[in-house]
Amino acid sequence: MRLGPPICRPSKIICIGLNYRDHAAESGAEVPREPVVFMKATSSLVGPNDPVVIPRNAEKLDWEVELAVVLGKTAAYITKEEALKFVAGYALHNDYSERSFQLERGGQWVKGKSADTFAPMGPFLATRDEVPDPSSLAMWLKVNNEFRQNSNTAKMIFDVPAIVSYVSEFMTLFPGDVISTGTPAGVGLGMHPPQYLKPGDVVDLGIERLGESQQRVVAWKPLLIGEQTK
């Protein structure tokens, strides 16, 4: 039995980059003074345990365990103090990234974030009352049963209320929209030498109170007539 994502396709998936100091350091980037905002195609959304497909011509598939915030009400120009009132809940998200597309193909991050299967979400949406404080949740990720990321949302540079308020300054947020809040250190890009995923690898990840998910890495192949990607 396949478990699908806990939300239907949202109007947008917004991501926050470099939101943990240790991840900024391993990426060789300065700690941002304001949240780094980029988009991820909504067509990348899949279930928590669906395979992740290495895109055609890809070389550097990377992992990123993240806390996803799901909006419950339309929000525009909201304050930090009222931001959580607009949140429906939270979910586990693996913000997969193809680093060669992201960093070596013109510097536009969205190209490295938006391939089909690059946004496995779930296994469920925990409502705001079930997770009243998202600022102290343990999070982890393993590749082939070896820990790569082991951190806590307390290490965020910008917390959930600050992020939701900030993003609402630049675009209207609608119910079901997703904001993925960044990843801690431990990604393949930051290893020495860098290590990336290959077909057959298995990625397990989890966040406290939000469950666990697992994705097996598979190679891209042309679709046969009548087949669908999802």
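Taken together, the values in this text are just the output of simple stated rules run on the coordinates, not laboratory data. Note that the structure is a prediction, hence the values are computed from the model and not measured. Cβ atoms come from the backbone with ideal geometry, glycine included; neighbour counts cover every protein chain shown.
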(request) Grab the DSSP H runs of the chain that are 4 residues or longer, score each as -39,500 (n - 2.57), total them, divide by all residues and round the 222 nm result to the nearest 500 deg cm²/dmol. (result) -2500 deg cm²/dmol
(request) Could you line up LEU137, LEU92, LEU71, LEU197 from fewest to most neighbouring Cβ atoms inside 10 Å? (result) LEU137, LEU197, LEU71, LEU92
(request) Neighbouring Cβ atoms within 10 Å as the yardstick, rank HIS93, HIS23 fewest first. (result) HIS23, HIS93
(request) Let me know the Rg and Dmax you get for region 134-220 when you use only its Cα atoms, in Å. (result) 15.4, 42
(message) Highest mean first, how do 11-22, 119-130, 139-150 rank when packing is the count of other Cβ atoms within 10 Å averaged over residues?
(response) 11-22, 119-130, 139-150
(request) Would you mind computing Rg(Cα) / (2.2 N^0.38 Å) for the chain, counting N as its residues? (result) 0.95
(message) Please give the Cα centre distance for region 165-217 versus region 6-35, rounded to the nearest Å.
(response) 9 Å
(message) Quick check for me: using +1 on Lys/Arg Cβ and -1 on Asp/Glu Cβ, what's the dipole size of region 13-219 about its Cα centre, in debye to the nearest 20?
(response) 340 debye
(request) Give the residue from ALA25, VAL37, MET1 lying farthest towards the positive end of the charge dipole for the chain; charges sit on Cβ (+1 for Lys and Arg, -1 for Asp and Glu) and the dipole is referred to the Cα centre. (result) MET1
(request) Would you work out which of VAL217, LEU141, MET121 lies farthest towards the positive end of the dipole of region 115-229? Charges go on Cβ: Lys and Arg +1, Asp and Glu -1. (result) VAL217
(request) Net charge near PRO193: determine it from the other residues with C-beta under 14 Å of the C-beta of PRO193, scoring Lys and Arg +1 and Asp and Glu -1. (result) -1
(message) Which entries of LYS12/LYS85; LYS60/LYS142; LYS85/LYS111; LYS113/LYS142; LYS40/LYS221; LYS12/LYS221 have Cα-Cα distances beyond 24 Å here?
(response) LYS85/LYS111; LYS12/LYS221
(message) If each residue of separation counts as 0.36 nm, what is the full-extension length gain between ASN152 and GLN195 once their alpha-carbon separation is subtracted?
(response) 13.2 nm
